[in-house]
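Each value in this text was obtained by applying a stated rule to the coordinates, not by laboratory testing. All of these numbers come straight from a predicted model, not from anything done at the bench. Here Cβ is always computed from backbone atoms with ideal geometry, including for glycine, and neighbour counts include all displayed protein chains.
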Amino acid sequence: MLNDITLGQYYPARSIIHKLDPRVKIVLVLALVVMLFVVDSLAGYLVTAGFVILMIIMSEVPFIFVLKGLKPILYILVFTSLLNIFLTDGTIVYKLGFLKITYEGLILAATMVARLILLVAATSLLTLTTSPIMLTSAIEKLLSPLKVFRFPAHEIAMMMTIALRFIPTLLEETEKLMKAQSARGTDFMSGGILQKIKAMVPILVPLFINSLKRADELALAMECRCYRGGDNRTSLKTLKITGKDFVAIAVFVIYIAFIILTKTVIK
């Protein structure tokens, strides 16, 4: 399960999506997230799903790799679906005792599942096609207008990128600790909730200590390299918006046009 989390991982490739300016990718992904909450019809969700699938194909990231990132949210999808199905008032489709399934509940559950799946797929695709260094530069550039208000854009961007980059590392270390404890006879699967929580204590304590140790080593390494963030710091690669980025923006505008069409024409 831990290996299925793809958020924060980078999949190297030479696709057109990888070559896009990271600032453009971040803005488009944020716009796509907003559009997910604007869509309110089956046609709109089909158009959005087709758009996300097209981006995955163009990114040359294997579908299996993207689908693996959906496994960790499987329990969330099931839990939210059951809540919406059984706790939403409306036209009763099926009733079993005090439980009742409504038509409105089924529609709301399907909507929430579609939104979560597309949201995770889109955000995962951003990190899979953007290296941590480029992601840091892009976030810093996007936050740079706030420097007028003495906002530490570079420091915030660096902290966000380091936190994102350490997700796969911590997951890998967690799995190693779980295998080590399992070899010593610890059972993480059987028993009730309280017993499972107690079984996780031998994992959380060394994981917390190792996280602090890694943070200290990273800070020491940055100090040894005379790292100084903020003003007067240059980048090895300068971000430039090229023709490919304008094409990507144009494609996204076409997608928005289709969404508007589904809201105004298709009822």
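Tabulated data
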{"item": "Dipole of the chain, positive direction: furthest Cα of Pro72, Leu135, Phe166, with charges on the beta-carbon", "result": "Leu135"}
{"item": "Estimated 222 nm signal from helices in the chain, with DSSP H stretches of n ≥ 4 weighted -39500 (n - 2.57), rounded to 500", "result": "-23000 deg cm²/dmol"}
{"item": "Extension gain from Phe208 to Ile162, taking 0.36 nm per residue of separation minus the Cα-Cα distance", "result": "14.9 nm"}
{"item": "FRET E, pair Leu146, Ser182, Förster distance 51 Å, beta-carbon r, rounded to 0.05", "result": "0.60"}
{"item": "Dipole magnitude (debye, nearest 20) for the chain, charges at Cβ of Lys, Arg, Asp, Glu", "result": "280"}
{"item": "Over 28 Å (Cα to Cα) - which of Lys95/Lys198; Lys71/Lys141; Lys25/Lys263; Lys25/Lys68; Lys25/Lys237; Lys19/Lys141 fall in this group", "result": "Lys95/Lys198; Lys71/Lys141"}
{"item": "Contact order normalised by residue count of the chain, Cα under 8 Å, 6+ apart, percent", "result": "30"}
{"item": "DSSP-assigned coil residues among chymotrypsin sites (Phe, Trp or Tyr not before Pro) in segment 39-127, each with at most 15 further Cβ atoms within 10 Å", "result": "Phe98"}
{"item": "Correct choice for volume of the Cα convex hull per residue in Å³ that was computed from the model, options (1) 194; (2) 138; (3) 159", "result": "(1)"}
{"item": "Mean separation of Cα contacts under 8 Å, 6 or more apart, over the residue count of segment 69-202: relative contact order %", "result": "14"}
{"item": "DSSP H segments from the chain that extend 20 Å or more along their own axis, Cα-based, with Kyte-Doolittle mean of 1.0 or above", "result": "22-36, 42-59, 103-128, 243-264"}
{"item": "Anchor Lys240: aspartates and glutamates whose Cα lies under 13 Å away (excluding residues fewer than 8 positions away in-chain)", "result": "Asp21"}
